[in-house]
Amino acid sequence: MQKKLIKIGEISLPTKVGDFTMLVFQNKKNGKFASALVLGQVLGVSDVLVRVHSSCLTGDVFGSLLCDCGMQLEQALKMIFKEGRGVLIYLDQEGRGIGLGNKIKAMELQQKGLDTVDANLALGLPVDARTFEEAAEILQEIQVKSVKLLTNNPQKVKELQGFGVKITQRVSVITQTPTITLKYLKTKKERMGHLLSL
């Protein structure tokens with residue numbers, strides 16, 4: 001795998017969950033940033049609890065209940081902190097990779113009755129345009145030997161494995177889901193294969 005990222009900084013980052021080390025990388029080709037919050041010693045360690053999270057302005061920042069992204073992010077950080085060791089990788093892939101503008105257009109269509117899959121298709125966009133190559137490169141850079149992956153998405157497991165990440169276990173991210181979020185989660189389960197208990 002050809003390296004696309006350069007590390008541009010590292011800081012100690014106290015958060016409401018706990019204290020992490022934050023590493024920031026920049027993609028040499030497109031200028032986008034990716035980051036990793038690291039807890040504890042992970043260099044050369046096996047079975048490290050890892051969450052690979054794609055950016056969601058509406059959910060992660062504004063606390064939107066139209067998706068479960070912000071809830072998953074917070075839950076993953078809590079699980080990593082409870083474990084005492086782990087990594088949360090944050091990728092600039094808004095709207096499953098279609099970008100903020102297209103995501104908002106798709107959300108408009110969802111509010112007119114389409115689900116998240118059909119809304120993307122109606123705009124001529126892929127259902128999921130993300131890639132997890134940068135996450136694999138970050139895990140290689142920080143020398144994690146193998147991971148317990150925090151995800152409900154079996155496709156994410158396959159893609160990361162395709163980029164050489166050794167995954168020893170998939171760990172579900174279970175959140176307290178408000179009723180308003182259930183339609184979105186039902187679509188993820190029934191049309192995108194996410195492993196969810198609703």
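When PRO154 is tested against the conditions (1) in contact with a Gly (Cβ under 7 Å, 6 or more places away or on another chain); (2) within 22 Å of SER35 (Cα to Cα), the lone failure is (2). Being without any contact (Cβ under 8 Å) to a residue 12 or more places away in the chain, closer than 17 Å to VAL173 by Cβ and not small (Gly, Ala, Ser) narrows it down to one residue among LYS82, LYS16, LYS78; which is it? Going through LYS82, LYS16, LYS78 in turn, the sole match is LYS82.
Going through (1) surrounded by 22 or more Cβ atoms within 10 Å (Cβ to Cβ); (2) touching a His at 6+ places or on another chain (Cβ under 8 Å); (3) under 17 Å from GLU137 (Cα atoms) one by one, ALA76 falls short only on (3). Looking only at region 122-131, decide whether some residue is of a type in the set (S, T, N, Q) and out of contact with any helix residue (DSSP H, G or I) (no Cβ under 8 Å at 6 or more places or on another chain). Checked against the condition, which is being of a type in the set (S, T, N, Q) and out of contact with any helix residue (DSSP H, G or I) (no Cβ under 8 Å at 6 or more places or on another chain), region 122-131 yields no hits at all. Looking across region 1-42 at every residue that is touching a Lys or Arg at 6+ places or on another chain (Cβ under 8 Å) and within 21 Å of GLY84 (Cβ to Cβ), the one that is surrounded by the fewest Cβ atoms within 10 Å (Cβ to Cβ) is identified as GLN41.
Tell me, please, whether a residue that is without any contact (Cβ under 8 Å) to a residue 24 or more places away in the chain, more than 13 Å from LEU150 (Cα to Cα) and either hydroxyl-bearing (Ser, Thr, Tyr) or buried (at least 21 other Cβ atoms within 10 Å of the Cβ) (or both) can be found in region 59-68. Among the residues of region 59-68, at least one is without any contact (Cβ under 8 Å) to a residue 24 or more places away in the chain, more than 13 Å from LEU150 (Cα to Cα) and either hydroxyl-bearing (Ser, Thr, Tyr) or buried (at least 21 other Cβ atoms within 10 Å of the Cβ) (or both), which makes the answer yes. If you check LEU49 against the conditions, is it buried (at least 16 other Cβ atoms within 10 Å of the Cβ), modelled with pLDDT of 95 or more and in a helix (DSSP H, G or I)? The answer is no for LEU49.
Just give me the residues in region 52-72 being under 14 Å from GLN176 (Cβ atoms) and assigned to a helix (DSSP H, G or I), in sequence order. GLY70, MET71, GLN72 - these are the residues of region 52-72 that are under 14 Å from GLN176 (Cβ atoms) and assigned to a helix (DSSP H, G or I). In region 111-133, is there at least one residue being more than 30 Å from VAL42 (Cα to Cα), in contact with a Ser or Thr (Cβ under 8 Å, 6 or more places away or on another chain) and charged (D, E, K, R)? Taking every residue of region 111-133 in turn, at least one turns out to be more than 30 Å from VAL42 (Cα to Cα), in contact with a Ser or Thr (Cβ under 8 Å, 6 or more places away or on another chain) and charged (D, E, K, R). State yes or no: is LYS3 assigned to a loop (DSSP other than H, G, I, E, B), at pLDDT below 95 and either closer than 13 Å to ILE138 by Cα or of a type in the set (Gly, Ala, Ser) (or both)? Considered against the rule, which asks whether it is assigned to a loop (DSSP other than H, G, I, E, B), at pLDDT below 95 and either closer than 13 Å to ILE138 by Cα or of a type in the set (Gly, Ala, Ser) (or both), LYS3 comes out as yes.
The values are calculated or read from the model by the stated rules, or taken from the named source; none is laboratory data. These figures come from a predicted structure and were not determined experimentally. Virtual Cβ from ideal backbone geometry, glycine too; neighbours counted across all protein chains shown.
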